[in-house]
Amino acid sequence: MQTQTPAKQRFLVVYGKGGIGKTTVATNLAEALVHEMGRKAMLIGCSPKSSLIDLYDLSGEVMPLLDLKRKEGVNAQNIGKAVWRSAEGILLTETGGPEPGIGCAGVGLPTAFGELKKYKNQIADFDQVEYTIYDLIGDVVCGGFSTPLRGGGREVIIIISGELMAIYAGNNILRAVNAVGGDIKVLGYVVNMRGVHREQEIVEAFSARTKVPILAFIKRDPATFKEAERRGGPIVRTVPDSEIAATFRQMAQNVEQGAPKTQPTPIDSYEDLFQMFLSFQSLEEEAGKEGRISYQSKIPTKPVDRDKPLRLSIYGTGGIGKSTVSANVSAAFVLMGEKVFQIGCDPKHDSIANLCGGLKPTVLDEIQKRGGARAMNADILRQLIFPGVNHNSHLYGTECGGPVPGKGCAGKGVDLALKLFEDHGLMEEYRFTLILYDVLGDTVCGGFARPLKYTPQAYIVANGEAASLTQAMKIAQSIQAAGQRGADCGIGGVINNMRGVPNEEAIVEEAFGAVGVPVIHNIPRSESVQIAENLRTTVVESFPDSEQAKHYVELARKMRENTERHALTRDILSSREIMAIVNKHT
């Protein structure tokens, strides 16, 4: 065991888009530093999802700091309720988030950090910590979620894969680092391989373009990750002889050695980033062309007649595929005679890209450019409503957008953008018959809860992975909380966007059946989804006669006809209960 002493305490900030594996990297890095190198480490989870508590199965043993503050107030006598110490000496705490549907998740971070600092003398071994590792959501790099970058001497690790939106999120995180400025060092990328075509070449090209090195490649090995989940802990400790564990140990050594400070160079244009990604894809120029012609020929000439638009929302954690589902469902609604307006409520603003021909300017971008919301009027907002490419004027989309990376509040931006469209009467002017809100569900704080005020049914995208189910349960809790506070909304059902987990349908149906919420549809995994997205379109448009397209059309039919709103029949399942269901079926 190496026992070098670092010159000073180090602060590592681990960022990545939802679902990319940042908690996996943060925990295994901590375990490797402690087990293999004799270091003292502290893990601080900075997400409302409380992912660390779920991974270590500490529900009921550790209370997130913000929960403790709300329930008891934090003091010298009870700070221990929010901090756990492993047998090996890792300290762990979670900031937590606001009460579901209320407040700002990002603002909670400095509050939680303040409580931790105030009572640090009451935390055993706190002053011995050599590595403080922050596990951070990267979909929303607003002012609050950039807090761990401030304070000097921060070192950033960004988790990416060869997927387009993973490198897009990584690029945004670099922009946040540059916006915050100061003494911040980007150590490098950790590539969590997902099996994307020519994945290593894609991330190496991205590394070269942005001048950020690659720290490690983590091979795709579902069996090892599954076994670690079953044994209840990070791979380095639970499956120490695996190749993945060896990768994490080598990564810890690379981190220990450090790296010279470099100046990251984010890619300025999404179009440039997309073209870089596309250059590694095998794509026939005419692919899907006949399908799109066929799709357009099937669109009814006259929209359905409806007194007021049907409004639906789709929520899901980052990386779950909610925007893919939303876009395909919107394309399917068009075939049913609906005049659709899809509203992207996610700072990544990728919701309508595959419907409207690429990433579009956002409402929040325009507000910032014009110096505030008061400068916005109906004419300006009309310019931010974009027609779909293949939909014969039966589909439009807009993006709320997010703040400048590293600044502002993402939730407030969603809230403000939606309010502007309502106040200026544009829903009525365009005579939309169906409005679909595509909403990030990692933080269902005040702004991201705004669509629940408009939608009688909110749908939750999940899959059969334990982490996905845990977050989907928390989204269900947030939707119910909004309804109890007066919003006219309920849970329409769960959409199982399958990842190929064994017995996935049975897992998701049993988990949500236990809390009284049905699965409305199971969408199988299909390569046609990625092919269509590389064409900047949807499966329903480019491959309308495929089996995959039929699933999206059937889901759209169910959503349009559904009038039921479901309430939780018991408390949401704990991570321990979810793991029991997953293990039972796999």
- prompt: Are any residues in the stretch 225-239 without any contact (Cβ under 8 Å) to a residue 60 or more places away in the chain and open to solvent by 20 Å² or more (accessible area, probe 1.4 Å), and if so, which ones?
  reply: GLU227, ARG231, VAL239
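A quick yes/no check of all residues on (1) farther than 23 Å from VAL539 by Cα; (2) in contact with a Cys (Cβ under 9 Å, 6 or more places away or on another chain); (3) at pLDDT 90 or above; (4) open to solvent by 30 Å² or more (accessible area, probe 1.4 Å):
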{"position": "HIS349", "(1), (2), (3), (4)": "no, yes, no, yes"}
{"position": "THR362", "(1), (2), (3), (4)": "yes, yes, yes, no"}
{"position": "GLY397", "(1), (2), (3), (4)": "no, yes, yes, no"}
{"position": "GLY406", "(1), (2), (3), (4)": "yes, yes, no, no"}
{"position": "VAL414", "(1), (2), (3), (4)": "yes, yes, no, no"}
{"position": "LEU434", "(1), (2), (3), (4)": "no, no, yes, no"}
{"position": "GLY441", "(1), (2), (3), (4)": "yes, no, no, no"}
query: If only one of GLY319, GLY337 is in a loop (DSSP other than H, G, I, E, B), small (Gly, Ala, Ser) and open to solvent by 20 Å² or more (accessible area, probe 1.4 Å), which one is it?
result: GLY319
query: Somewhere in the stretch 425-436, is a residue within 25 Å of GLY337 (Cβ to Cβ), among the hydrophobic types (A, V, I, L, M, F, W, C) and in a helix (DSSP H, G or I)?
result: yes
message: Any residue that is over 30 Å from PRO98 (Cα atoms) and either among the aromatic types (Phe, Trp, Tyr) or not in a helix (DSSP H, G or I) (or both) - is there at least one of those in the stretch 476-489?
response: no
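A quick yes/no check of all residues on (1) touching a helix residue (DSSP H, G or I) at 6+ places or on another chain (Cβ under 7 Å); (2) modelled with pLDDT under 95; (3) part of a helix (DSSP H, G or I):
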{"residue": "ILE495", "(1), (2), (3)": "yes, no, no"}
{"residue": "ARG499", "(1), (2), (3)": "no, yes, no"}
{"residue": "GLU505", "(1), (2), (3)": "no, no, yes"}
{"residue": "GLU509", "(1), (2), (3)": "no, no, yes"}
{"residue": "PHE512", "(1), (2), (3)": "no, no, yes"}
{"residue": "GLY516", "(1), (2), (3)": "no, no, no"}
{"residue": "ILE520", "(1), (2), (3)": "yes, no, no"}
{"residue": "SER528", "(1), (2), (3)": "yes, yes, yes"}
{"residue": "ILE531", "(1), (2), (3)": "no, yes, yes"}
field: Matching residues, the stretch 453-475, being part of a helix (DSSP H, G or I) and either within 21 Å of the chain's Cα centre (by Cα) or not basic (Lys, Arg) (or both)
entry: ALA466, ALA467, SER468, LEU469, THR470, GLN471, ALA472, MET473, LYS474, ILE475
query: Does ARG220 count as in contact with a Ser or Thr (Cβ under 7 Å, 6 or more places away or on another chain), over 22 Å from SER146 (Cα atoms), in a loop (DSSP other than H, G, I, E, B) and not β-branched (Val, Ile, Thr)?
result: no
Residue list for the stretch 143-166, restricted to those being part of a helix (DSSP H, G or I) and touching a Leu at 6+ places or on another chain (Cβ under 7 Å): GLY144, PHE145, THR147, PRO148
- request: Please tell me if THR563 is out of contact with any helix residue (DSSP H, G or I) (no Cβ under 7 Å at 6 or more places or on another chain) and not charged (D, E, K, R).
  value: yes
task: Identify the residue in the stretch 156-212 that is over 19 Å from the mean Cα position of the chain (by Cα) and among the acidic types (Asp, Glu) and, among all such residues, is least open to solvent (accessible area, probe 1.4 Å).
output: GLU199
message: Against the conditions (1) open to solvent by 40 Å² or more (accessible area, probe 1.4 Å); (2) at pLDDT below 90, where does THR147 fall short? Just the number, please.
response: (1)
message: When you check GLU286 against the structure, is it part of a loop (DSSP other than H, G, I, E, B), open to solvent by 20 Å² or more (accessible area, probe 1.4 Å) and closer than 26 Å to HIS391 by Cα, yes or no?
response: yes
field: Matching residues in the stretch 514-565 - criterion: being open to solvent by 60 Å² or more (accessible area, probe 1.4 Å), more than 25 Å from the chain's Cα centre (by Cα) and polar (S, T, N, Q)
entry: THR563
task: Identify the residue in the stretch 52-71 that is in a loop (DSSP other than H, G, I, E, B) and within 14 Å of ALA112 (Cα to Cα) and, among all such residues, is least open to solvent (accessible area, probe 1.4 Å).
output: PRO64
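The values are calculated or read from the model by the stated rules, or taken from the named source; none is laboratory data. Since this is a predicted model, take the numbers as computed values, not measurements. Cβ atoms come from the backbone with ideal geometry, glycine included; neighbour counts cover every protein chain shown. Only protein heavy atoms, including side chains, enter the accessible area calculation; ligands, DNA and RNA are left aside. Shrake-Rupley method; radii C 1.70, N 1.55, O 1.52, S 1.80 Å.
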